[in-house]
1. Cut-off under 19 Å on the C-alpha distance; same-chain residues fewer than 8 positions from Lys207 excluded. Which lysines are left, in chain and number order?
2. Excluding residues on the same chain fewer than 8 positions from Lys233, give the lysines whose Cα lies under 25 Å from its Cα.
3. First check a/c for the stretch 1-111, with a ≥ b ≥ c the square roots of the eigenvalues of its C-alpha gyration tensor; if it is under 1.5, answer rounded, and if not, answer prolate when a/b is larger than b/c or oblate otherwise.
4. From the cross-link list Lys185/Lys259; Lys38/Lys251; Lys208/Lys235, which pairs have alpha carbons spaced over 24 Å apart?
5. Could you work out the relative contact order of the stretch 88-219, using alpha carbon pairs under 8 angstrom and six or more residues apart, expressed as a whole percent?
6. Report the residue, chosen from Lys43, Lys128, Lys246, that carries the largest GNM mean-square fluctuation when the chain is represented by alpha-carbon nodes joined by springs under 10 Å.
7. In the chain, what percentage of the DSSP-assigned beta bridges are antiparallel, given to the nearest 5?
8. Loop-only check: which GluC sites (Glu not before Pro) in the stretch 36-142 are DSSP coil with at most 15 other Cβ within 10 angstrom?
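Only the coordinates and a few stated rules stand behind these numbers; no lab work does. Just so we're clear, the structure is a prediction, and the values are computed from it rather than from any experiment. So basically every Cβ, Gly included, is an ideal-geometry build from the backbone, and we count neighbours across all protein chains shown.
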Amino acid sequence: MMHCGSDSRYPPMQYIIDNHLGFESSKGSTDTVNFLRKLIFVKISELSADQIISTRDQATFQMIPYNHFCFPMKTLAEQKDIILGGIIRIVHVPSNRNLKGTTIVLNAINKLTERGHNFDFILLENKKNEDVLSELIKADIVIDQPGNWVGRLAIEACASNCAVIGGNLPRYTNRFDSPIIPFYKSSDKLLEILQNLVTNFDFLCLKKKCCYEFWQRNYSQTSYLEYFDKLLKNKSPKFKPLSNQKELLLKGSCNVIEKLFIYLFYKNNYD
């Protein structure tokens, strides 16, 4: 079974867990009926499924170890050399400007231009996926979004041999660090990162190489087959509930009913 987002995530409590792990998420609104539905769903899925695939940001009521979510991504471009002195191409693809941090990106790009750096910036909105992929193949740097892990676009960019700026918070995911450069919610920090990439040829080449190899190790079709084989044999990497998850859920309870159900029915079965 694979848990998918709002099927299992309860925002008021997930917010407390995220804050504990150093990640800012939405508090959402209180809905006790929704809370009960999700708690029951998670309990039934843990009792009935042989394996559960999920991520930390939707494992609000996790009581047993879960498998890390993974998906396969075909290669889009072989490792390509950068022509020294050539124009560096930076791509940003916002499906939602607020979620993707587009205002931060545009501010950083404007400041980078004001400093006289030579580069091309491509902003892609309302484009088909095949049009986006064709631009990624030609890109050197891709700016994805702030977050705790890599999204689909970031992996597509890695498979296109690009240096990627996006979600990367290993303490949160409890899986592995990645070469994705963290996208902090600050135009000045993003400006500093971009300036280093466009002025430091060796650093840009290294990041492109590392991102491509990261895709090969973790998201290529070959690596996905290995992951799925381990999943079937119950040998794939897992993440367990936090040792203080019940305490955090009680802290995030919005009323007496929620607190009572967590107190009575939530049990960390890993410890």
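1. Lys80, Lys138, Lys189
2. Straight-distance partners of Lys233: Lys43, Lys74.
3. Values: a/c = 3.38, a/b = 1.74, b/c = 1.94.
Because a/c hits 1.5 or more and a/b fails to exceed b/c, the stretch 1-111 counts as oblate.
4. Numbers: Lys185/Lys259 33 Å; Lys38/Lys251 18 Å; Lys208/Lys235 31 Å.
Those over the limit are Lys185/Lys259; Lys208/Lys235.
5. On the way: 229 pairs, mean separation 34.3, N = 132.
After rounding, I find 26 percent.
6. Of Lys43, Lys128, Lys246, the Gaussian network model singles out Lys128 as fluctuating most.
7. Values: 2 of 18 bridges.
Taking every DSSP beta bridge within the chain, about 10 percent pair in antiparallel fashion.
8. Values: sites: Glu46, Glu78, Glu114, Glu125, Glu130, Glu135; in loops: Glu78, Glu125.
In loop regions of the stretch 36-142 (DSSP not H, G, I, E or B), the sparsely surrounded GluC sites (Glu not before Pro) are Glu78, Glu125.
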